[in-house]
Amino acid sequence: MLDANTLNFGDLSKYDAVVVGVRAYELRSELPGANQRLLDYAKNGGTLVVQYQRDFAWDGKNYAPYPAKIGNKPGDPLPRITDENFSRKIPEGDDPLLNTPKQNHSG
């Protein structure tokens, strides 16, 4: 877990990947201000995974590097793309990002 100081001023290049959780932009007040640092980290070769994008909750902010929009008409319920019967097939099944347990680093 990156603390606010590391997120805003630390050397992100030492991390193989940064994963931004599902509600991070809503719950971590320092994250929107550090967003450009995260995009720069990705642009410079880092792996940035943002688990969820909600344009209505982001209040028109463009945190993603490219716009993403799932089409629906005003008044329609928010679309959900879910298939509980989906068969997971990973082309590179030995990739540690998908197979290594999350390690808890404190300090």
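Readers should treat all values here as calculations from the given coordinates under stated rules, not as data from a laboratory. Note that this is a predicted model, so its numbers are computed, not measured. All Cβ positions, glycine included, derive from the backbone under ideal geometry; neighbour counts span all protein chains shown.
So the values come out like this:
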quantity	calculated
Dipole magnitude of region 1-40 about its Cα centre (Cβ charges: Lys, Arg +1; Asp, Glu -1), debye to nearest 20	80 debye
Chain lengthening between Phe86 and Arg23 when straightened (0.36 nm per residue, less Cα-Cα)	20.3 nm
